[in-house]
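Undergrad: One structure follows; several queries about it will come next.
The values are calculated or read from the model by the stated rules, or taken from the named source; none is laboratory data. None of the values given here were measured: they were computed from a predicted structure. Here the Cβ is made from the backbone with ideal geometry for all residues, glycine too, and neighbour counts use every protein chain on show. All accessible areas refer to the heavy atoms of the entire protein, side chains included, with ligands and DNA or RNA removed. Shrake-Rupley method; radii C 1.70, N 1.55, O 1.52, S 1.80 Å.
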Amino acid sequence: MKRYVVYLLFLMSVLGWSCERLIDLKPLDQISVDDYWKTPADLQNYVKQFYQNFSPQTQMVAELAVNSDDMVHGSPSAILNGQRTARTGSWQGEWAAIRHINIFFDNYEKCEAEFSEIRHTVGEAHFFRAWYYFGLLKEYGDIPWYTSEIGLDDDQALMRPRDPRTQVADNILAELDKAIEFLDTRRSVGNTRISKEAALALKTRVALFEGSWQKYHANTPFGTAGADPQRYFQACVSAAEELMGGNYTRGIYTTGNPDDDYYRLFGLDNMNDVDEVLLYRAFNRNEGAGNAVQGYITYDMNQKGITWDLVSSYLGRDGKPYDYLEVGQIEKGNDFLLTIAAECDRRLKSTIWIPGDLMAAELEKYFDRPTIDAGALQLNPTGFSVKKTANPYSPAAGRPWSVQAETGFIILRYAEVLLNYAEAYYELNQEVAYEALNRLRERAGMPAFEVHSQQLNESPANYGYEIPDALYEIRRERRVEMALEGYRDEDYRRWAAHALFRGQRPKGYPVSREEFPAYSRPVDSNGLIDYYADELPEGYQFQPGRDYLSSIPLDELTLNPNLVPNPGW
């Protein structure tokens, strides 16, 4: 009886049932779990809960780009600086979604309809189980794999050890294969619901992540003995080629205006007709379901600042490495920003605010200069102000966060698939997928992709190991195209590339003393803002023997002696 009451309360929360609707329900002593899973609508309503939960973020930059070398946000990142402590408590909350999706799989076959009527819903469930497990894989590495709800008295399941991460990754890819088999295409369901295209895109992400993790963490405590990275790279390539060559809805957003197209993509409210956007979260402020994207980008900087390291990775408009330091010795402040906007990859001026940019059309607000001397809410600590996701024509543009925006939140886009493909293809074949990469270059009005010697860069990126020039350029293209979208931290972790930032501090632009005569924060020998000079005297102190994974919560280790801590914890 108690089980039925708990389950009923859970269904009320999922389906939004009110107390009044309980009048029409059977007496509690006649209700069982079996009464629910009868119709396709029952299954659809159950699965709807996961759309709100699987991507809970409402804004891209402010929530996703904070733990990488691309951006600073307030205090130094505890992850990059190796300041995390072992977690206490449990991880029960992190497993709740998997438990709920496993309840679906335990019960969906009770539906009385033909499988063809529930096929898409079952595909969505497979996608969600893959999505949630991928999140845990990235966080913890080895984890136990469960496919059914665990009873409180099931000691054998509750006390299981962790499964090897390669087994978990294989299971995730198998879930996505099922999703791809069962899901309808985007043409049928749109891009605010999961589709075949979205599942193929996620498969490229998962396979590339695990392949590069196993390659670059091989022979370390983070790698898996006997793992075959090439198998994952091939899975990435195969999924990408299916999406690239099949009868699917996908493309690169362009109107033929290279000055504007990349910038406009991320600020759109309605992305339904954008072929590049394979899956996104839509918002409706009239229903109280808006977001604060525009407030954080066009009103206050809220202590966000893009780093010199990201900015200086953009090529010049001639497709060659650009000497930002040389320009910074001559041009300072606004003049520096205007110069690099005119001379570098157009995606740069679509990502950072440039003096004269329109920020809010209705308020006739234009970007004047970075707020490097402002208070906490308005502060931009580096001089490179975040522009990506702005929309000056949004009703919320230039207004506080309390004025809700409806800017779409992109979850999966085709450009990432092309980049995943190019990287995995090179890892497999040591050949460049020029056609895929040039799709992105063309949108930005850039010359065709070209491999340059790393030594042509003013300060080549140090990955901690040597890589070929071609792979260096592929990684650069990824960084530029996907800037601030929340993947840079995943990239340095799967590449085992803490050398990119360990022992270094994030820098800002060359400040102009004429524009800011009273500026009091430190600057380095090149005149670049050195905002964390006092907080990070020795640079970021990432602990490479520990910080690539999170700690297993202490309560879990105590309750289940079959679990073992992650390396270094």
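Undergrad: What number of residues within segment 535-569 are within 10 Å of residue 505 (Cβ to Cβ) and surrounded by fewer than 20 Cβ atoms within 10 Å (Cβ to Cβ)?
TA: 5
Undergrad: Would you point out the residue of segment 218-271, among those that are surrounded by 14 or more Cβ atoms within 10 Å (Cβ to Cβ) and β-branched (Val, Ile, Thr), that is nearest to residue 549 (Cα to Cα)?
TA: 224
Undergrad: May I pose another question? Determine if segment 516-529 includes at least one residue that is modelled with pLDDT of 95 or more, out of contact with any strand residue (DSSP E or B) (no Cβ under 7 Å at 6 or more places or on another chain) and surrounded by 17 or more Cβ atoms within 10 Å (Cβ to Cβ).
TA: yes
Undergrad: Would you point out the residue of segment 421-465, among those that are within 26 Å of residue 229 (Cα to Cα), polar (S, T, N, Q) and in a loop (DSSP other than H, G, I, E, B), that is nearest to the chain's Cα centre (by Cα)?
TA: 462
Undergrad: Looking at segment 268-280, is at least one residue part of a helix (DSSP H, G or I) and not small (Gly, Ala, Ser)?
TA: no
Undergrad: Would you pick out the residues in segment 328-358 that are assigned to a helix (DSSP H, G or I) and over 24 Å from residue 73 (Cβ atoms)?
TA: 329, 330, 335, 338, 339, 342, 343, 346
Undergrad: Sticking with this structure for a sec: Do you know which residues across segment 458-475 are open to solvent by 20 Å² or more (accessible area, probe 1.4 Å) and under 21 Å from residue 352 (Cβ atoms)?
TA: Across segment 458-475, the qualifying residues are 458, 459, 461.
Undergrad: While we're looking at this one, here's another question. Kindly list the number of the only condition in (1) surrounded by 17 or more Cβ atoms within 10 Å (Cβ to Cβ); (2) modelled with pLDDT of 50 or more; (3) of a type in the set (A, V, I, L, M, F, W, C) that fails for residue 33.
TA: Residue 33 satisfies every listed condition except (1).
Undergrad: Here's something else I'd like to know. Evaluate the following for residue 325: is it assigned to a helix (DSSP H, G or I), crowded, with 22+ Cβ neighbours inside 10 Å and touching a residue at least 24 places away in the same chain (Cβ under 8 Å)?
TA: Values: assigned to a helix (DSSP H, G or I): yes; crowded, with 22+ Cβ neighbours inside 10 Å: no; touching a residue at least 24 places away in the same chain (Cβ under 8 Å): yes.
The answer is no for residue 325.
Undergrad: Looking at 538, 556, which is the one that is part of a loop (DSSP other than H, G, I, E, B), among the acidic types (Asp, Glu) and over 24 Å from the mean Cα position of the chain (by Cα)?
TA: Selected residue: 538, the only one of 538, 556 that is part of a loop (DSSP other than H, G, I, E, B), among the acidic types (Asp, Glu) and over 24 Å from the mean Cα position of the chain (by Cα).
Undergrad: If the Cβ limit is 9 Å and pairs must be 6+ apart or interchain, which residue in segment 519-547 that is charged (D, E, K, R) pairs with which residue that is assigned to a strand (DSSP E or B) and at pLDDT 95 or above?
TA: 521/529; 530/523
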